[in-house]
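The values are calculated or read from the model by the stated rules, or taken from the named source; none is laboratory data. Source: prediction; values computed, not measured. Cβ placement follows ideal geometry from the backbone for every residue including glycine, while neighbour counts extend to all protein chains displayed. Side chains included, ligands, DNA and RNA excluded: accessible areas come from the protein's heavy atoms. Shrake-Rupley method; radii C 1.70, N 1.55, O 1.52, S 1.80 Å.
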Amino acid sequence: MRAASAEEALSQVNESNTTPDLVIFDYKLPGNMTGLDIYRTISQKQPNVSIPGIIISGTTVAAHFNEFVESGLVYMTKPIDPDKLHTNLKNLL
C-alpha cells in the first residue's frame, strides 16, 4: 500500500482487514498525525502481532528517538542510504 497521508494509510489498512508485513513512514506526514502516531494506531489494532517498521525523518528528532526504539521502529534520516535501507529491511523481515 502507498498513502499520501496518515488518514489515507489508516483507511487502507482498515479496508484491507489485514496486518501489514512491514511499515515505512515519514515522521512528518500531512494531516494531524505523525508516522509514530499511525504506527501506534495500527499496532493497537493487532496487539498480539509485532509489526516491523522503519520511521524516516529529514530532521533530527532526538526528543522522539527513545519512543521510536521503544516502539520497535528502526529510525533512519534523509537522505536515505539505499544500502542501509536494504540492510534494515533484511533485518526486519
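Which value in deg cm²/dmol, rounded to the nearest 500, describes the helix-derived mean residue ellipticity at 222 nm for the chain, given -39,500 (n - 2.57) per DSSP H run of n ≥ 4 and division by the residue count?
-13500 deg cm²/dmol
Taking all protein chains together, 2, 40 sort by accessible area into 2, 40, largest first [probe 1.4 Å]. Rg over Rh for region 24-66 works out to 0.98, both radii taken from alpha-carbon positions and Rh defined as the Kirkwood radius.
This model, with +1 at the C-beta of Lys and Arg and -1 at the C-beta of Asp and Glu, gives the chain a dipole about its Cα centre of some 120 debye.
Relative contact order, percent, of the chain when contacts are C-alpha pairs under 8 Å separated by at least 6 residues?
Answer for the chain is 24 percent.
Its residue count N sets the reference 2.2 N^0.38 Å, and the alpha-carbon radius of gyration of the chain equals 1.03 times that reference.
Springs between Cα atoms under 10 Å define the GNM used for the chain, and in it the highest mean-square fluctuation of 18, 41, 77 occurs at 18. For region 40-91, the fraction of C-alpha pairs more than 15 angstrom apart is 51%.
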